[in-house]
Amino acid sequence: MTRKKRAGSHHFKKSLKRCLIRRFGGCQICGFSGDLTYNPLKTHHIIPVRDGGQTVPENCMILCRDCHTALHRIIDNNPVDTMAAYRQLKGGVK
């Protein structure tokens, strides 16, 4: 199965990812932490680049693969922003 490339997809620098991991210690939803050599954590824009969001620490979240997928299931299929989806996941069951 091939994965559909999202409009506005963007690659993050490893230094930004490392900065976010150090700042938050792991996934901002479930708390899962990995290490810096093999790390299943994903970086996610709060305000998408296509909507004018910048690739800066203040506009990025660090999420495990499961939470990142769950977040996209919400925001890709509903008219909600990232923070609304984040609050939904943070307060609910993963």
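If we scan segment 52-62, do we find a residue that is modelled with pLDDT under 90 and surrounded by fewer than 15 Cβ atoms within 10 Å (Cβ to Cβ)? Within segment 52-62, not a single residue is modelled with pLDDT under 90 and surrounded by fewer than 15 Cβ atoms within 10 Å (Cβ to Cβ). Kindly indicate the residue of segment 67-84 that is under 11 Å from the mean Cα position of the chain (by Cα) and closer than 21 Å to LEU16 by Cβ and also surrounded by the most Cβ atoms within 10 Å (Cβ to Cβ) among those meeting that condition. It comes out as CYS67.
Count, please, the residues in segment 47-66 that happen to be outside any helix (DSSP H, G or I) and farther than 14 Å from LYS17 by Cα. Steps first, answer last, please.
Within segment 47-66, the subset outside any helix (DSSP H, G or I) is 47-48, 52-56, 60-64.
Filter once more, keeping what is farther than 14 Å from LYS17 by Cα: 47-48, 52-54.
Residues flagged as outside any helix (DSSP H, G or I) and farther than 14 Å from LYS17 by Cα within segment 47-66 amount to 5.
Can you name the residue in segment 36-49 that is surrounded by 11 or more Cβ atoms within 10 Å (Cβ to Cβ) and more than 23 Å from ASP76 (Cα to Cα) and is also modelled with the highest pLDDT among such residues?
Going residue by residue through segment 36-49, those that are surrounded by 11 or more Cβ atoms within 10 Å (Cβ to Cβ) are 36, 39-49.
So of that shortlist, the ones also more than 23 Å from ASP76 (Cα to Cα) come out as 36, 39.
On the way: LEU36: 56, ASN39: 60.
The residue in question is ASN39.
Looking at SER33, SER15 in this structure, which one is over 12 Å from the mean Cα position of the chain (by Cα), assigned to a helix (DSSP H, G or I) and at pLDDT 85 or above? Talk me through it step by step, then tell me what you get.
Numbers: SER33 fails: assigned to a helix (DSSP H, G or I).
Checking each option against the conditions leaves just SER15.
The values are calculated or read from the model by the stated rules, or taken from the named source; none is laboratory data. The shown structure was predicted, so the numbers you read here are calculated from the model rather than taken from an experiment. Cβ: placed from backbone, ideal geometry, glycine included. Neighbour counts: every protein chain shown.
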